[in-house]
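J.: The structure follows.
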């Protein structure tokens with residue numbers, strides 16, 4: 001069986017030089033080169049969240065991400 005027969009109704013064919021995927025624009029305009037941009041996505045983010053950014057963070061993770069709980073506070077999952 002040809003895979004196209006199985007998945008043909010789920011495949012989208014993009015034509016042209018610029019493709020949008022997960023907020024990234026992949027631009028193939030220049031032969032042999034790929035340009036990746038997120039400018040359109042970031043403009044949407046700034047429009048959706050207009051609050052002024054007043055602080056910086058090295059990572060979006062919380063400070064407690066790698067802290068372990070005391071064993072008396074642990075809630076273990078059942079084996080099944």
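No value in this document is a laboratory result; all are computed from the given coordinates. In this text, all values refer to a predicted model and were calculated from it rather than measured experimentally. Neighbour counts are summed over all protein chains in view; Cβ atoms, including those assigned to glycine, are modelled from backbone coordinates with ideal geometry.
J.: List pairs: first in the range 36-61 and assigned to a helix (DSSP H, G or I), second surrounded by 10 or more Cβ atoms within 10 Å (Cβ to Cβ), Cβ under 6 Å, 6+ apart or cross-chain?
T.: Every condition considered, the pairs that remain are 41/23.
J.: Of the residues in the range 12-54, how many are at positive phi, loosely packed, with under 10 Cβ neighbours inside 10 Å and within 20 Å of the chain's Cα centre (by Cα)?
T.: 1
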